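For reference, the structure discussed in these notes is given below.
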Amino acid sequence: MITKQALINQTESANGHQPIHAHRRTFIGGALGALLASPGRMLAEDTDAPSNPFIVLLKGVYQPVPAGQGPASNLGLTTVNLSSGSFSKTQIYAVFGISDSNNDDNHEGKAIGTFYVGAGHRAYDLPGGAIAMRFLPAPAGAPPGFNGFVPFPDGTGGTFLEGTFELTILEATGIYQAFAGGHNHMVDRLHQLANGSRDEFCFCNISQYQFP
């Protein structure tokens, strides 16, 4: 019986080429696969690194985080205690400069992380790491809405709370480490619903720059 390999060797000999041994085929195939895969890996690494700045949207109704039920290992953060019972959470969506910001799934409403708020601090659980922040004090003579809310009735028994906020980044892990000591400028429209729940809609411009 003539094997498949024998037919291959015969064909190659007829064409004036030496037979290629199995281990050489494996090496060439592996090398070709590595070359084809390398651009994809490089692109993924570039995509994973956030730009400076990057922008995310906090969106959704806040849910309480019961005491002792915060995220595993506290997201690796040391300046906040997300299991203290004083935090609430909602979802994070990519807008600009962060992994998956151009993914079609996110245009369809796919969250990329979780936002925690409580005890004067904020924490972001993001793809590839986490960030902890605290509010900066409002400067003397700051107008209404600067590091504070201005209320507007929503016409249905609730209230829209609008304002901008400045935060300093206390620590950052993973691919966000370079943002430690940086700044977050928040533009917030928090909806205090008539039933007492809070529906967030807040853009966060997170940068490595310090606030002047």
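With the cut-off at 1.5 for a/c, could you classify region 160-212 from its C-alpha gyration tensor as rounded, prolate or oblate? Walk me through the numbers before you get to the answer.
Working: a/c = 3.73, a/b = 2.23, b/c = 1.68.
Since a/c reaches 1.5 and a/b is larger than b/c, the shape of region 160-212 is classed as prolate.
Computed packing ranks the peptides 190-196, 65-71, 203-209 as 203-209, 65-71, 190-196, most packed first, by mean other Cβ atoms within 10 Å. Charged neighbours of PRO151, selected by a Cβ distance under 12 Å, balance to -1 (K, R count +1; D, E count -1).
Taking amide H as placed 1.01 Å from N in the peptide plane, the amide H of GLY158 sits under 5 Å from that of ALA194, each at least 5 places away or on another chain. For region 89-211, just say rounded, prolate or oblate: build the C-alpha gyration tensor, square-root its eigenvalues into a ≥ b ≥ c, call rounded for a/c under 1.5, and beyond that prolate if a/b exceeds b/c, oblate if not. Note, shape of region 89-211 comes out oblate. Ranked by how many other Cβ atoms sit within 10 Å of their own Cβ, fewest first, the residues MET186, MET133 fall in the order MET186, MET133.
Any read-out appearing in this document is the output of simple, stated calculations on the displayed coordinates, not a laboratory observation. Values in this document were obtained by computation on a predicted structure and should not be read as measured data. Glycine gets a Cβ as well: all are built from the backbone with ideal geometry, and neighbour counts include every protein chain shown.
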